[in-house]
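Let me begin by presenting the structure, written as structure tokens, before commenting on it.
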Ligand SMILES: Nc1ncnc2c1ncn2[C@@H]1O[C@H](COP(=O)(O)OP(=O)(O)OP(=O)(O)O)[C@@H](O)[C@H]1O
Ligand SMILES: [Mg+2]
């Protein structure tokens, strides 16, 4: 099987007596773009915070790049819905900021000034490259107050990508944007996925592994290659939400027409398996991604 970037092994979480997550198991391979959907309040953000390492789970284990996650670390990056940038920095310097903190100490700035300047130029060049990637090459010198919401969110994504996380978490990243801007950012994710396809075709490790929470089913199916349903609606749901749906999603290239008609069948299945409070299925009934994958590999 391809390289595992993220593993959740029987991850459970609760707040006091309120059980939120119950034995969440996930194995994510390099280059996958997963969409996570689930009823409001089921624990999607709680799961992301556990993976990020800011709020480790009460039980179970999470590994990123093979290393147990117990605190925030370089393997995992995140962008939220209302991500705020540094008002006093341009788009380019906002993106370079993380690298600057990481690579240059104050003493270096003072005692190795010329070397520091050279490094800073390299960091800025990388930031420019990243901004190009998110289609903001024309806006590198703008300050946040000069940008639209969609542009700011692109900068936030570039800011996360420049740190080269093994996995990037997106928690409803386009939720605050208007429809047209949202569509543009969805295409930007397809462009990142295209980079994965290109890397694979020349035998390289795909660079972008993304786990994205969204409440929009069309968006989930359009941008991802695998869709996860997290839900408390299953036969043991009293103990909290778990993965009740895990199947491939149709793959789109950036220039493909947005044909959402073909999603209807899978959307119905998701509504039943993930969002229907009346359903009393076993949680694994719709969890078949890796099973199908290994059958595929055998045949
Ligand atoms: N710090 C906390 N203390 C107590 N309860 C909490 C805390 N954080 C979250 N919860 C509860 O845990 C449950 C899961 O919350 P979470 O924010 O993870 O849900 P979500 O799936 O992201 O919801 P949404 O779709 O609305 O964003 C909710 O019932 C919430 O009220
Ligand atoms: Mg949430």
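The values are calculated or read from the model by the stated rules, or taken from the named source; none is laboratory data. Remember, predicted model here, so these are calculated numbers, not experimental data. Here the Cβ positions follow ideal geometry from the backbone for every residue, glycine too, while neighbour counts run over all protein chains shown.
Does residue 253 count as part of a loop (DSSP other than H, G, I, E, B), more than 16 Å from ligand 2 (Cβ to nearest atom), closer than 27 Å to residue 82 by Cα and in contact with a helix residue (DSSP H, G or I) (Cβ under 8 Å, 6 or more places away or on another chain)? Spell out the reasoning first.
Working: part of a loop (DSSP other than H, G, I, E, B): yes; more than 16 Å from ligand 2 (Cβ to nearest atom): yes; closer than 27 Å to residue 82 by Cα: no; in contact with a helix residue (DSSP H, G or I) (Cβ under 8 Å, 6 or more places away or on another chain): yes.
So residue 253 fails the test.
Okay, residues lined up against (1) within 16 Å of the chain's Cα centre (by Cα); (2) more than 16 Å from ligand 1 (Cβ to nearest atom); (3) surrounded by fewer than 20 Cβ atoms within 10 Å (Cβ to Cβ):
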{"site": "130", "(1), (2), (3)": "no, yes, no"}
{"site": "144", "(1), (2), (3)": "no, yes, yes"}
{"site": "183", "(1), (2), (3)": "no, yes, yes"}
{"site": "192", "(1), (2), (3)": "yes, yes, no"}
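One residue stands out in segment 1-12 among those that are buried (at least 22 other Cβ atoms within 10 Å of the Cβ) and touching a helix residue (DSSP H, G or I) at 6+ places or on another chain (Cβ under 8 Å): the one that is farthest from residue 226 (Cα to Cα), namely 11.
Give me a count of the residues in segment 211-234 that are within 12 Å of ligand 1 (Cβ to nearest atom) and within 12 Å of the chain's Cα centre (by Cα).
First, pick out the residues of segment 211-234 that are within 12 Å of ligand 1 (Cβ to nearest atom): 213-216, 229-232.
With within 12 Å of the chain's Cα centre (by Cα) added as a condition, the list becomes 213-214.
Final tally of qualifying residues: 2.
Residues in segment 136-172 that are outside any helix (DSSP H, G or I) and touching a helix residue (DSSP H, G or I) at 6+ places or on another chain (Cβ under 6 Å) were compared, and the one that is farthest from residue 62 (Cα to Cα) is 142. Of the residues in segment 176-199, at least one is within 16 Å of ligand 2 (Cβ to nearest atom), assigned to a loop (DSSP other than H, G, I, E, B) and out of contact with any strand residue (DSSP E or B) (no Cβ under 9 Å at 6 or more places or on another chain).
Any residue at all in segment 69-84 that is in a loop (DSSP other than H, G, I, E, B), modelled with pLDDT of 95 or more, within 16 Å of the chain's Cα centre (by Cα) and crowded, with 19+ Cβ neighbours inside 10 Å? Yes, because at least one residue in segment 69-84 is in a loop (DSSP other than H, G, I, E, B), modelled with pLDDT of 95 or more, within 16 Å of the chain's Cα centre (by Cα) and crowded, with 19+ Cβ neighbours inside 10 Å.
For segment 13-55, enumerate the residues that are in contact with a helix residue (DSSP H, G or I) (Cβ under 6 Å, 6 or more places away or on another chain), farther than 30 Å from residue 200 by Cα and more than 9 Å from ligand 1 (Cβ to nearest atom). Passing the criteria: 19, 22. Here residue 40 fulfils each of the conditions (1) more than 13 Å from ligand 2 (Cβ to nearest atom); (2) surrounded by fewer than 22 Cβ atoms within 10 Å (Cβ to Cβ) apart from (1). Taking the criterion of being surrounded by 14 or more Cβ atoms within 10 Å (Cβ to Cβ) and over 25 Å from residue 187 (Cβ atoms), the only residue of segment 247-270 that qualifies is 269.
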